[in-house]
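See below for the structure under consideration.
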Amino acid sequence: MGIEVLQAGTFTTVQDKGRYGWAHLGVPVAGCMDQQSAQLANWMVGNQPTSAVLEMTWTGMEFTCQVDCSMALAGAEFECSLNGRIINTDQVINLRIGDHFKMHRLLQGVRAYLAFAGGFDLTAVGGSYSTLVVAGLGGYAGRSLQAGDVLRLKQPTTVASKTKPQWKKLKRQSIHVIRAMPGPEYDCFTPAVIRQAFGQAYQLSSAANRQGFRLIAAAIETPKGFHMNSSGLVPGSLQVTPDGQTILAMQDAQTTGGYPRILVVDQSQIHQLAQIRTDEDVYFYVGHDQRKVVKLAANYQ
Amino acid sequence: MGELQIDHILPNGDCGLLLRFADTEHRLAAIHSLAADMLRSPLAAMTNVIPATDSLVLVFSKPVDFTSGLIDEIKFRVEQLTIGQGLVQTHEIPVCYAASLANDLEAVCAELQCSQQQLIERHTNSVYRVDMLGFLPGFAYLSGNHPAMQLPRKATPSLQVAQGSIAIAGQQTGIYSLASPGGWHVIGRTPIALLDWQNNSQPMLLKPMDKVTFIPISLTEFHAMEAAEESTNGH
């Protein structure tokens, strides 16, 4: 018993905290792009913070419910209806057998997270429920959801209502200021180029998915004749391609990369990047604590 | 001991470390030994280990504290490292070199000006070494291509390369653990699965530094083995 998908949305996958311990085999971590929102949705329905949720991108879902259950939405804000009536998504949503839930217009952000009390009845692969579509791995049959899929719930329960704290709700921001560390290849760039990279605004291009975001900004000059061997890549790395463009690695990024990384976003800030829209400006900065780390690390160079 | 010399240790984001190593004789083998050692006895809060040709990345679930003694522990582990020779396994991988399974076979023979039989002989007479896994989950990079069997990557990658494809580029042979786009020249296909997530402790058949030889099989044998593989894996 579970939910029957009528419309899946453009890209809806099962995700959790991510798949760790397999990067040496070339397996990307995957996992929720916005971990904080996923945790909030799980908290509202009384799940473990790392439980599997549905991640929707740009468009929401429509489904009918085959069992009484509770669910919660967090992250991107959508106008939602239950049996045709618009409902408040700031609190737990209780569903009964046969109920029809539909997500309409996207109001804020990009990625929404839907958690069900008691979680999904799925099989973990490599210790995780996260879907890695490129490898057909994990989640629901290793792919994004489609109309007609029935997603079984493990222990569907109805929980006491909890309300989303207002300060945790996603708000529209025209500027995002993101904390980062200087990247492993930072020193390969000239001081003028580094000043430019940390001074300019970046915008999201349309080429943005779970693997990475191509950003739009003035070209960043790579030193002539630069060469490096590929090395381990983590989500949040801002890679500079030979034509001066930048690609920000995200959760499904390959485990190794050969482009110089001018900066790497602090892992606790990646969730903010998951909600950036194309008309918003992103700036990167190195914080006080990050500067201290760089000084300490300099002893080992 | 002293197989590996740290050139420098750099932050790779707030929760990661990049260790680059000096160019010593057994660097690659030593890096893989260090990675295996780290996976066997992980450092506190360590979540991933990523070996590469001249570096190793360690990823943690919390920010790295450079004053905690962690760096000294890593340096100690590197100093104590011995290359694990005993762990190297040799694998015989059956490959069907049939044009119907390998889109690039005829073009490769034309480019190298050899017959299909000569190409098969060159490819099956070498002993290959697994240099690394990556690019895709379980994609294996093997070195040891015959000098007369080396081609640059394709100018235009193929949009879809079948799972199990055996492909060549430069000095390396690659095995596509999964179907994916790819820029290497496909010359054959293996019916056996490289990646098996049912095997929880070791889902990957090959590991770095293992030895591989390719055994030619017919199309009939290929289909029989493929059917057997599918029934054991229960799909």
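Worth a mention:
- As a rough footprinting exposure proxy, the listed residues B:His8, A:His288 were ranked by other beta carbons within 10 Å of their own, and the order from fewest upward is A:His288, B:His8.
- GNM on chain B, alpha-carbon springs under 10 angstrom: the most fluctuating residue among B:Phe60, B:Phe76, B:Phe214 is B:Phe76.
- Alpha carbon centroid spacing (whole Å) that separates segment A:60-76 from segment B:15-57: 43
- Neighbourhood charge, 11 Å Cβ-Cβ cut-off, centred on A:Gly2 and excluding it, Lys, Arg +1 and Asp, Glu -1: -1
- With Cα atoms, 0 to 90° folded angle of helix A:288-297 axis to chain A main axis: 60
- Counted charge near B:Leu206, where neighbours are those whose Cβ lies closer than 15 Å (Asp, Glu -1; Lys, Arg +1): -1
- Within the listed set B:Met46, B:Met209, B:Met132, the residue fluctuating most in the Gaussian network model of chain B (springs between alpha-carbon atoms under 10 angstrom) is B:Met46.
- Computed from phi, the 3J(HN,Hα) profile of segment A:129-145 under the Karplus parametrisation 6.51, -1.76, 1.60 (θ = phi - 60°) reads 9, 4, 8, 10, 4, 4, 10, x, 10, x, x, 9, 6, x, 9, 6, 5 Hz, with x in place of Gly and Pro.
- Largest mean-square fluctuation among A:Lys162, A:Lys224, A:Lys154, in a Gaussian network model of chain A whose springs join Cα atoms under 10 Å apart, belongs to A:Lys224.
- For B:Ala98, nonlocal amide neighbours, meaning residues 5 or more places apart or on other chains whose placed amide H falls under 5 Å from its own, are B:Arg189.
- Here the Karplus relation 6.51 cos²θ - 1.76 cosθ + 1.60, evaluated at θ = phi - 60°, turns the backbone of segment A:117-126 into coupling constants of 4, x, x, 9, 8, 10, 9, 6, 10, x Hz, with x for every Gly and Pro.
- C-alpha long axis of helix A:35-44 to longest principal axis of chain A, angle in °: 20
- Crossing angle, helix B:27-40 versus chain B [Cα axis fit, 0-90 degrees, rounded to tens]: 70
- Net charge over other residues, Cβ less than 9 angstrom from the Cβ of A:Met181 (K, R count +1; D, E count -1): -1
- Reported to the nearest whole Å, the Cα centre-to-centre distance from segment A:127-166 to segment A:220-277 is 29.
- Put the Cα centre of segment B:136-162 next to the Cα centre of segment B:178-212 and the gap is 13 Å.
- Percentage relative contact order, segment A:48-188, counting C-alpha pairs under 8 Å, at least six apart: 27
- Separation of the alpha carbons by more than 31 angstrom is noted, of A:Lys162/A:Lys292; B:Lys75/B:Lys211; B:Lys62/B:Lys207, for A:Lys162/A:Lys292.
- 3J(HN,Hα) along segment B:208-222: x, 6, 5, 9, 9, 10, 9, 10, x, 10, 7, 5, 5, 4, 4 Hz, from the Karplus curve 6.51 cos²θ - 1.76 cosθ + 1.60 with θ = phi - 60°, whole Hz, x for Gly and Pro.
- Annotation: lysines with alpha-carbon distance below 25 angstrom to A:Lys164 (same-chain offsets under eight excluded): A:Lys17, A:Lys102, A:Lys154.
Readers should treat all values here as calculations from the given coordinates under stated rules, not as data from a laboratory. Computed from a predicted structure; not experimentally measured. Note that we place each Cβ from the backbone using ideal geometry, even for glycine, and neighbour counts take in every protein chain shown.
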